[in-house]
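The values are calculated or read from the model by the stated rules, or taken from the named source; none is laboratory data. This structure is a prediction, so every number in the text was calculated from the model and none was measured. Here Cβ is always computed from backbone atoms with ideal geometry, including for glycine, and neighbour counts include all displayed protein chains. Only protein heavy atoms, including side chains, enter the accessible area calculation; ligands, DNA and RNA are left aside. Shrake-Rupley method; radii C 1.70, N 1.55, O 1.52, S 1.80 Å.
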Amino acid sequence: MMIRRSVFFTIGLFILTMGVSLIIKSGLGASAWDALAVGQSRMFGITVGTAVFINGIVLIILNAVIMKKRPDVLATLTIFVIGLLIDFWLLIVLADFAPVMLVNQFIALGIGILTVGLGVSIYLQAKFPASPMDTLMVAIHTRFGLNLRNSRILSEGFALTLAFLFKGDIGIGTILVTVLLGFVVQYMYPIFEQLFERKSYSKAAIPTE
């Protein structure tokens, strides 16, 4: 079971970060948290992945304060891997990828959104600690009794405000990612949930001597 969870976790994050990198490379604007990381990267001369990791650590502490719990140390692993893989895609695999024509930019953005949704739907099946950015929404929901929609609006609004202050990568892509990503995950998540559970059941059904 642990091996299968680790496989889903690793593959999911690998795909997720490829999608994030494609969205950034589209040049049309990234999601609120990624737009913030791009702005910090430019302002402080660090890699986007490093900015993602630093923001994640800050959010792990913030989530702990909101929830009145100890910081989720294991979430550090998740955000570290995400930051590392984002730099892998941006600096190595997609280093020379820079679509210029508007149609190609939108194609890159669209593929990126689908890929992020696919990656999220896969890595969440492992039930390992989620990204601190995703956990913030849940922390607001739990601590203040707001519904998930309003909690998401608050968390995304917080990130967008920071991205604006740090002159982040905000554009039409930011809006499209915010609007469309939830639908992609909502469609794909149940598919991989059934696949994960089917594999688990098949493994448990194998007789042992």
Residue match in the range 137-149 (condition: open to solvent by less than 40 Å² (accessible area, probe 1.4 Å) and of a type in the set (F, W, Y)): no
Given (1) at pLDDT below 85; (2) loosely packed, with under 13 Cβ neighbours inside 10 Å; (3) part of a helix (DSSP H, G or I), number of the condition G157 does not satisfy: (1)
Selected residue (only one of L118, L74 is surrounded by fewer than 17 Cβ atoms within 10 Å (Cβ to Cβ) and farther than 25 Å from F166 by Cα): L74
Candidates L109, L84, L136, L91 - the one that is closer than 20 Å to I24 by Cα and in contact (Cβ under 8 Å) with a residue 60 or more places away in the chain: L109
Failed item in (1) touching a residue at least 24 places away in the same chain (Cβ under 8 Å); (2) closer than 23 Å to V184 by Cβ; (3) part of a helix (DSSP H, G or I), with I60 passing the rest: (2)
The listed residue being modelled with pLDDT under 95, surrounded by 23 or more Cβ atoms within 10 Å (Cβ to Cβ) and under 30 Å from N104 (Cα atoms), out of A32, A51: A32
